[in-house]
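Data block below; observations after.
The values are calculated or read from the model by the stated rules, or taken from the named source; none is laboratory data. From a predicted model like this one, the values you see are computed outputs, not experimental measurements. Positions of Cβ are backbone-derived with ideal geometry, glycine not excepted, and every protein chain shown enters the neighbour counts.
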Amino acid sequence: MAKIDFTGRIAIETGAGAGLGRCYALELAKRGAKIVVNDLGGSRDGTGSDDAAANKVVAEIKALGGDAVPNYDNVATRAGGENIVKTAVDAFGKVDILINNAGILRDKTFTKMDEENWDAVMNVHLKGAFFVTRPAFDVMKANGFGRIVMTTSGAGLFGNFGQSNYAAAKMGLVGLTNVLKIEGEKYNVRTNVLAPIAASRLTQDVMPPEFFEKMKPDFVAPAVLYMCSEQCMDSGMVINAALGYFSRSAVLTGPGAILSDGKKIPTPEEVMESWGRITSLDSPKFFKMLPEMFGELGPVLK
Ligand code: NAI
């Protein structure tokens with residue numbers, strides 16, 4: 001089995017001062033990567049800041065004999081994103097790997113969801129990934145190599161009570177990845193998505209204590225490391241990871257129903273009558289990009 005090695009690779013990791021992010025940073029460093037440990041060091045809801053979070057992980061990496069620099073910028077600002085990437089280029093000369101991991105929670109049921117809590121979560125998860133990835137992508141494109149990992153959540157992929165802001169932001173990252181996988185292909189910039197489940201301050205009050213004990217971030221990290229490696233040539237994968245269980249989730253399209261000859265507009269009643277066939281997921285197809293979907297219209301276009 002080929003060994004995964006990050007010697008000579010430069011990684012940026014957002015939110016690497018705690019939880020899952022800290023674990024990925026340590027594992028990447030153990031295998032030779034030099035790391036920009038970004039963390040704002042705020043509270044679970046994103047308020048406040050503290051340099052100690054990033055500093056502590058940098059010290060841990062150095063104690064292992066690795067190389068890392070701290071960065072305390074807020075991913076949710078354009079200046080922050082630019083400075084995170086600049087930190088990597090100034091310290092180490094390039095960026096090979098970017099893990100968009102920083103995250104906060106502001107859970108509320110939808111009827112209590114106000115704009116402030118909506119925006120705070122969208123800004124860190126979705127806009128934050130945009131702000132950091134945008135300048136990092138330029139550097140990766142110029143070097144002909146890049147591995148990007150986005151962090152989504154089962155809350156977005158499958159739904160979860162009280163997390164409309166978080167679910168929307170997390171699915172936004174899947175949409176963003178669907179485009180980056182296409183735009184990065186010829187530059188060897190691969191973007192994949194992780195949906196982790198692990199014990200951290202974000203899950204402390206939602207997991208039963210016996211679960212919390214077992215769900216160590218270390219079980220998730222191997223999937224992240226593989227997706228960051230030069231061996232991983234896939235792009236656009238959404239990978240669930242928890243406790244040593246790994247699987248792929250995807251948007252699939254059912255066989256559908258053609259209710260027109262391309263000239264006659266179907267009635268809503270015809271849609272109602274065919275709803276079972278329209279919503280069927282028997283023998284689903286996976287489309288790699290939008291134009292492939294147009295192929296399904298072939299019989300009507302003939
Ligand atoms: P965590 O709260 O332990 O770590 C998140 C880190 O991001 C914190 O150190 C925090 O200071 C940092 N951060 C927050 N806002 C930031 C900002 N604006 N700029 C820079 N850093 C910022 O949480 P955890 O669980 O390790 O989460 C990591 C990622 O995994 C998040 O994106 C989260 O949504 C996602 N996730 C976690 C799951 C879990 O089971 N723990 C489940 C699904 C997704």
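Computed values, structure above
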read-out	value
Test: Leu252 is within 33 Å of the chain's Cα centre (by Cα), within 30 Å of Tyr24 (Cβ to Cβ) and not hydroxyl-bearing (Ser, Thr, Tyr)	yes
Positions within region 153-187 being within 12 Å of the ligand (Cβ to nearest atom) and among the hydroxyl-bearing types (Ser, Thr, Tyr), in sequence order	Ser153, Tyr166
Top-ranked residue in region 180-228 [being in contact with a strand residue (DSSP E or B) (Cβ under 9 Å, 6 or more places away or on another chain), touching a residue at least 60 places away in the same chain (Cβ under 8 Å) and of a type in the set (A, V, I, L, M); ranked as surrounded by the most Cβ atoms within 10 Å (Cβ to Cβ)]	Val224
Checking Pro291 against (1) within 25 Å of the chain's Cα centre (by Cα); (2) at pLDDT 95 or above, the condition it does not meet	(2)
Conditions (1) within 14 Å of the ligand (Cβ to nearest atom); (2) of a type in the set (Gly, Ala, Ser); (3) on the phi > 0 side of the Ramachandran plot; number of the one not met by Gly144	(1)
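To keep it simple, each residue is scored yes or no on (1) loosely packed, with under 15 Cβ neighbours inside 10 Å; (2) without any contact (Cβ under 8 Å) to a residue 12 or more places away in the chain; (3) touching a Pro at 6+ places or on another chain (Cβ under 8 Å); (4) assigned to a loop (DSSP other than H, G, I, E, B).
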position	(1), (2), (3), (4)
Ile12	no, no, no, no
Arg22	no, no, yes, no
Ala25	no, no, no, no
Ala29	no, no, no, no
Ile35	no, no, no, no
Ile61	no, no, no, no
Gly80	no, no, no, no
Asn83	no, no, no, no
Glu116	yes, yes, no, no
